[in-house]
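Take a look at the structure below.
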Amino acid sequence: MKDASQDILHMLAHTGVVKPLLNWKLAICQHPMYLLIDEDRGEPAVGERVPPWGAPDAASYVERIHRNLSSLEHHDDLCLNYEFSGVELEAMAAEFPDAMQRMREYFQEGRLDFIGGTFSQPHMQAIGAESNWRQLEMGLAIFEKLFGKRVKVHYLQETGQHQQMPQILKRFGFEVMVAPPFPWTMEIFEGRFECTGMFRGLDTIESDEFVEAVALDGSSLPYYIKVLDGEHERGHEDMIMGDISKGLPRGPSLWTLFPDMMEIEEDFYNSRKQLFDFVLLERELKDQLRKAPPRAKARIYTNWSYTEGVWADALLRANHRSEQAALLTEALLVMAKMSGIDCEERHDLLHNIWHTILKYQHHDVNWIEVTDLRRKAISKIERCIAECQAIMEETACELVAKGKPGMTVFNGLAHPRKCLLDQPFGSPFPGLGQFQEVDGRVLGWIDLPAGGAASYAASDVLPLPSVPSPIPNIIKTRHYEVQLDGSGLMKQITTGAGESLLAARDCFGGEIRAMINDAWVDNRAAEIGYMRGPVADVLVRRAHLDSIPIIEKYFFFHDEPLIRAELEFDFNGNEAGYFWMDETKINVHYPLAACDTIWHDIPFGYIQARQGRALFATSWIYSGGLIYVNQGMPKHWVKNGVLTNMIAWGGHSFTNRMQFGWAKQTMYDLRLYGSHKIKYDIIPAGAFDGREITRRAGDLIEPIFATAGELNRSFYHVRDRELCLTSVHHKDGNVMARGYQLPTGGAGRFRDWEIFNCQIGELL
């Protein structure tokens, strides 16, 4: 039985008054799930592979696309917009060329268009700068190749936004952004923006449906705000009736509907035809923008992503390491090119590696229930890392002098750096300075030239041992002092300048907590061991979270302002935390003495943040004098004075936060399994200096490559410390450098925060 709003809407629609009076337009934006349906084969089948919503396999799904295209044939006034990712279009073109040809025909007729433009629809806020850039560079190239189409509207069903997105998109020719149905955030910082409210919350108003989304460098794109519904093609009557009942002022006339590849059934078509004209989004947005350009400027970003901690965020950590490995491989290939070595085949191999890395950044691979595809993705990404290592070894062997004793270490960064050499015991290590053996590893600090390599004679003596010692109350180094509590957790961290960074709250520094079996558990009770050495003192804790064993190692380096934490969890089908409450998951905590200032990095920059927000820091977060370098675990928050980094969640009951019906999907085994090694770094920094933190974090995060032989050479050296390079790579016969201008406080080569993409010779 229809409710009152449906009855009224039905009556109004049939009077013929609503459509000409309101002049409503509807852009139907189809969100395909081809990758997930094609590649996931888990048992039981994920919901996306179960009819009628989903399809069991790619062939069945392509039949749905054919039916979509047939609806265009049956209805002359119908238009469709597709949010295919480039990699899915590429796969479909190879397997189902007939469907691709039909899409081409309707695209050329002006009945079908494409939006989005990314390679694999990732959550851009959770991946690195270079992945952000290449998602668009490689994605847009596929649309141009298959359709001759330059995508100009960045509209994704899933959110993928951060404060530098307008600049990145503008560099690739995008003309407008659209607010996604999934969670996003807007912060108005200049101008006026009018909105209206009713029972279902705030909404935009006609002639105020755009704001100017401004990037950190000042570049901007118009941002359109009006969504009918995010995923489902039924139950819109209340929303439509609510908009009619507001009277004046009315909402925007352009509506968007963003379902998961819905069937265009006759009832749906007829009901919407009575209210809307069907439009292509890009064309209609341009028309709307001419009528009502934005009055307000805003920062657009999101505090949400599928970083829920399944399998200890193993996919995100693997992706993080694979991006680092690929970038270092590119740097070594640049060095080879500058030496006159032909590496064309290796460039092709590396292109394929990037293809795999970017492909499995797809949000559906991160989606909680997709356990089978996620396991495959992690395995393939790990293979990419191994392939990068093989390419680097082959390239390094051609660069170094053969038959020379000793070892050569390569640095891909364009500035000199001091870095930690961490080698398996028994491998060569330099015969200079002090090196320390710790549990089968050799640790020591070395200096490397910019964009090149340094050679060291191999030591003819064993590294110095780590000597078991009584556990001190206070650990003193050249740069900081750490006070331990009785359990070996950090009670206080004091900088060399005497600034105390931690506060006496209900947790200690390094404390790990979770809600397990409806009770709070922590890692306070532990067996503790302590070792002294010339490079670092090492604290070892063996603890449990309920029944989950943890081995914790903390390296307190003597001559560098660094504390490194290595955690090893051994999961055996464990559940931990409630899916929709991040505070209950397995989290690492640091109680801060002061946290009025919070900063964290984003792709191509860093921004100031607030307490009580989920913060996506791609590498580091700063608060109260402490820098936390996350090594691939991007989700943080600061709440009640405590800095928290989320590590893991596992269980049966879950939801994607917008629809609590998903909480009843208990057939998927999402518990935690296996051994997971997690690493993070703490830098006691004191006062905030964003440029220095960016450099320090990069020096810690970016890997090095060691091999036998001799080479002492700097191939490229960018001396301007206010330029942050994100990659050095070979393209179209040139050595290119990409990165961004750090804020200078004066005149720099580029605008503050401007992304550059130029030949490296322009920067030297």
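Here, each number is a calculation from the coordinates, and none is a lab measurement. Computed from a prediction, not measured in an experiment: that's the story for all the values here. Cβ coordinates were reconstructed from backbone atoms using ideal geometry, including for glycine residues, and neighbour counts include every protein chain displayed.
Using only alpha-carbon positions in segment 18-94, the gyration tensor eigenvalues give semi-axes of 29, 14, 12 Å once each is multiplied by 5 and square-rooted (largest first). Relative intensity of segment 723-764 on a log10 scale, I(q)/I(0) at q = 0.33 Å⁻¹, equals -1.15, per a Debye sum over C-alpha point scatterers of equal strength in the absence of solvent. N473 sits among other residues whose Cβ lies under 10 Å from its own Cβ, and their net charge, with Lys and Arg +1 and Asp and Glu -1, is 0. Express the Stokes-Einstein translational diffusion coefficient of segment 466-686 in µm² s⁻¹, to the nearest whole number, given a Kirkwood radius over alpha-carbon pairs, 25 °C and a viscosity of 0.890 mPa s. For the chosen part, D equals 136 µm²/s.
In plain terms, the chain from R375 to R691 could stretch by 110.0 nm, reckoned as 0.36 nm per residue minus the Cα-Cα distance. Annotation for H652 and C397: the two label points, set 7 Å from Cα along the Cα-Cβ direction, are 5.3 nm apart.
Evaluate the chain: find the radius of gyration of its Cα atoms, find its Kirkwood radius, and give the ratio Rg to Rh. Could the numbers behind the result be given before it?
Details: Rg = 27.4 Å, Rh = 27.9 Å.
Using only Cα positions, Rg/Rh for the chain is 0.98.
Applying 1/(1 + (r/R0)^6) with R0 = 35 Å to the Cβ-Cβ distance of M186 and D447 gives a FRET efficiency near 0.15.
Going by C-beta contacts inside 10 Å, put E308, E158, E265 in order with the fewest on the left. List each step's numbers first, then the result.
Details: E308 23, E158 26, E265 12.
Ranking E308, E158, E265 by Cβ neighbours within 10 Å, fewest first, gives E265, E308, E158.
Between P259, A292, Y82, the Cα set farthest toward the positive side of the dipole of the chain (charges on each charged residue's Cβ, about the Cα centre) is that of A292.
Here the extension length gained between D260 and T15 equals 85.1 nm, from 0.36 nm per residue of separation less the Cα-Cα distance.
With r defined as the distance between the Cβ atoms of D422 and L462 and R0 fixed at 25 Å, what FRET efficiency is calculated, to the nearest 0.05? Each step should come with its number before you reach the end.
Values: r = 17 Å, r/R0 = 0.67.
Step by step, r from the Cβ atoms, then E = 0.90.
If R0 is taken as 35 Å, the Cβ-Cβ distance between S60 and L349 corresponds to a FRET efficiency of 0.55. Neighbours of P424 by Cβ distance under 14 Å: Lys/Arg scored +1, Asp/Glu scored -1, total -2.
Only Lys, Arg, Asp and Glu carry charge here, each on its Cβ (+1 for the first two, -1 for the last two); on that basis the chain has a dipole of about 1640 debye about its Cα centre. The value given for segment 363-500 is a Kirkwood hydrodynamic radius of 19.2 Å, derived from the mean inverse Cα-Cα separation.
Please state, as a whole number in µm²/s, the translational diffusion coefficient that the Stokes-Einstein equation yields for segment 462-557 at 25 °C and 0.890 mPa s, with Rh defined as the Kirkwood radius across alpha carbon pairs.
Working: Rh = 14.5 Å.
Rounded to a whole number, D works out at 169 µm²/s.
If I model segment 1-133 as equal point scatterers sitting on the Cα atoms and use the Debye formula, what is log10 I(q)/I(0) at q = 0.09, 0.13, 0.19 Å⁻¹? These q points yield log10 I(q)/I(0) values of -0.40, -0.75, -1.13.
In this Cβ point-charge picture (+1 for Lys and Arg, -1 for Asp and Glu), segment 723-764 has a dipole of about 40 debye about its Cα centre.
If the limit is 25 Å between Cα atoms, which of K476/K635; K376/K679; K380/K418; K297/K635; K25/K145 go over it?
Pairs exceeding 25 Å: K476/K635; K380/K418; K297/K635; K25/K145.
Electrostatic bookkeeping for A94 treats Lys and Arg as +1 and Asp and Glu as -1; over the other residues with beta carbon under 13 Å from its beta carbon, the sum is -4.
Summarising the strand pairing of the chain, around 85 percent of its internal DSSP beta bridges are antiparallel.
Between rounded, prolate and oblate, where does segment 178-229 land on the alpha carbon gyration tensor, with a ≥ b ≥ c its root eigenvalues, rounded for a/c under 1.5, else prolate if a/b exceeds b/c? It comes out prolate by the Cα gyration axes.
Put a dot 7 Å past the Cα of D277, heading toward its Cβ, do the same for N734, and the two dots end up 4.4 nm apart.
Here the extension length gained between S675 and E527 equals 51.3 nm, from 0.36 nm per residue of separation less the Cα-Cα distance. Under the simplified labelling scheme, the M581-A292 pair shows an inter-label distance of 4.1 nm, with each label point 7 Å from Cα along Cα→Cβ. Over the C-alpha trace of segment 309-399, radius of gyration and Dmax come out as 14.7, 49 angstrom.
Separation of segment 56-120 from segment 490-521 is 53 Å, based on Cα centroids. The loop-placed trypsin sites (Lys or Arg not before Pro) in segment 1-86, going by DSSP, that have at most 16 neighbouring Cβ atoms within 10 Å of their Cβ come out as K2, R41.
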